[in-house]
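Chemist: Before I ask anything, here is the structure I am working with.
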């Protein structure tokens, strides 16, 4: 029935929205939740209520890459039609159509901006207002083992309960620009909820109905993963506010030097510069290919906190930072001003 529904919907997709920019299960031991003094409800009951409240804000995202049609999910971040989803849901699409709960009319959508490194994409449906929305949870409140529910859009309408299995997990996924390559999203939230194609891009909610992650599927996994709000919240807000995404940049490219690789190379763990732009903050400050960046201000750069992610989530263009780095056997620091650039894929 789901496949048939997608095929029928494909016939309703008129025109086309260019995405050339992209071509560039129940608990056995239910707990209780104390909502306020003297009021408690079961954890299972709370998650059911949270899912029911949130469902009107969850959408189905139907994409078309001729001749194939597929569907994923997303959720409304603003009442006038800004939608948060996973970039994997919309990659390589020639058209975008959004289905809203209780609305039989398919809505054309356009891509506003995206970031392949964090995996987030923001869409916009125009000429709508007064729509229900969802908000991010406080990322610092996430704990391993907490109860969650993954919601899919109205095309399937599924609500899948589960738990947070682990935090800060790296996941390798197919590159949304070049299908023959992969990209690592380094700070995901792992869950025992099985995230499939129809659920991907939708919200993973806590018992309060807040978004603790944007769902993403991963091949070969018995569960699912989610984009961490700590990494994408500022990006989403920036896209909604300005219509484009600009992230902090050192003016160069780097690779992650893990603890094991660093030991073999006789270098510290961090980010090894592969190339340095001729004109940019790194070159101006005297950084060279081969240098290993170990710290930005007082923030450590390592496999769990890679440079690209830190530049997106902790720093901003035009910010002055102290860069600690190692060249050969010598460690030193340099002060520079970060540039701004669109995220590269």
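The values are calculated or read from the model by the stated rules, or taken from the named source; none is laboratory data. It should be emphasised that the depicted structure is a prediction, and the values quoted were computed from it without experimental measurement. Glycine also receives a Cβ, built like all others from the backbone with ideal geometry; neighbour counts cover every protein chain displayed.
Chemist: Residue check, residue 93 against (1) crowded, with 23+ Cβ neighbours inside 10 Å; (2) assigned to a loop (DSSP other than H, G, I, E, B); (3) at pLDDT 95 or above, all met but one. Which one?
Modeler: (3)
Chemist: Tell me the residue from 230, 271, 213, 217 that is under 29 Å from residue 333 (Cβ atoms), touching a strand residue (DSSP E or B) at 6+ places or on another chain (Cβ under 8 Å) and in the same structural domain as residue 91 (by TED's automatic domain parsing), please.
Modeler: Of the residues listed, the single one that is under 29 Å from residue 333 (Cβ atoms), touching a strand residue (DSSP E or B) at 6+ places or on another chain (Cβ under 8 Å) and in the same structural domain as residue 91 (by TED's automatic domain parsing) is 230.
Chemist: Something else: So residue 344 fits all but one of (1) surrounded by fewer than 18 Cβ atoms within 10 Å (Cβ to Cβ); (2) over 27 Å from residue 113 (Cβ atoms); what number is the exception?
Modeler: (2)
Chemist: Is it the case that segment 116-127 has a residue that's over 17 Å from the mean Cα position of the chain (by Cα), farther than 25 Å from residue 205 by Cβ and in the same structural domain as residue 212 (by TED's automatic domain parsing)?
Modeler: There is at least one residue in segment 116-127 that is over 17 Å from the mean Cα position of the chain (by Cα), farther than 25 Å from residue 205 by Cβ and in the same structural domain as residue 212 (by TED's automatic domain parsing).
Chemist: Tell me, which residue of segment 291-313 that is at pLDDT below 95 and either in the same structural domain as residue 237 (by TED's automatic domain parsing) or farther than 19 Å from residue 234 by Cα (or both) is farthest from the chain's Cα centre (by Cα)?
Modeler: The qualifying residue farthest from the chain's Cα centre (by Cα) is 302.
Chemist: Evaluate the following for residue 103: is it more than 15 Å from residue 240 (Cα to Cα), in the same structural domain as residue 211 (by TED's automatic domain parsing) and in a loop (DSSP other than H, G, I, E, B)?
Modeler: Yes.
Chemist: Against the condition over 29 Å from residue 331 (Cα atoms), surrounded by fewer than 21 Cβ atoms within 10 Å (Cβ to Cβ), out of contact with any strand residue (DSSP E or B) (no Cβ under 6 Å at 6 or more places or on another chain) and at pLDDT 95 or above, how does residue 288 come out, does it pass?
Modeler: no
Chemist: Check whether at least one residue in segment 129-141 is modelled with pLDDT under 95, buried (at least 17 other Cβ atoms within 10 Å of the Cβ) and farther than 14 Å from residue 189 by Cβ, and report yes or no.
Modeler: Scanning segment 129-141 turns up no residue that is modelled with pLDDT under 95, buried (at least 17 other Cβ atoms within 10 Å of the Cβ) and farther than 14 Å from residue 189 by Cβ.
Chemist: Can you tell me which residues in segment 314-335 are assigned to a strand (DSSP E or B) and under 25 Å from residue 232 (Cα atoms)?
Modeler: Of everything in segment 314-335, those that are assigned to a strand (DSSP E or B) and under 25 Å from residue 232 (Cα atoms) turn out to be 320, 321, 322, 323.
Chemist: Taking the stated definitions as given, is residue 185 assigned to a strand (DSSP E or B) and closer than 30 Å to residue 278 by Cβ?
Modeler: Numbers: assigned to a strand (DSSP E or B): yes; closer than 30 Å to residue 278 by Cβ: yes.
Criteria met by residue 185.
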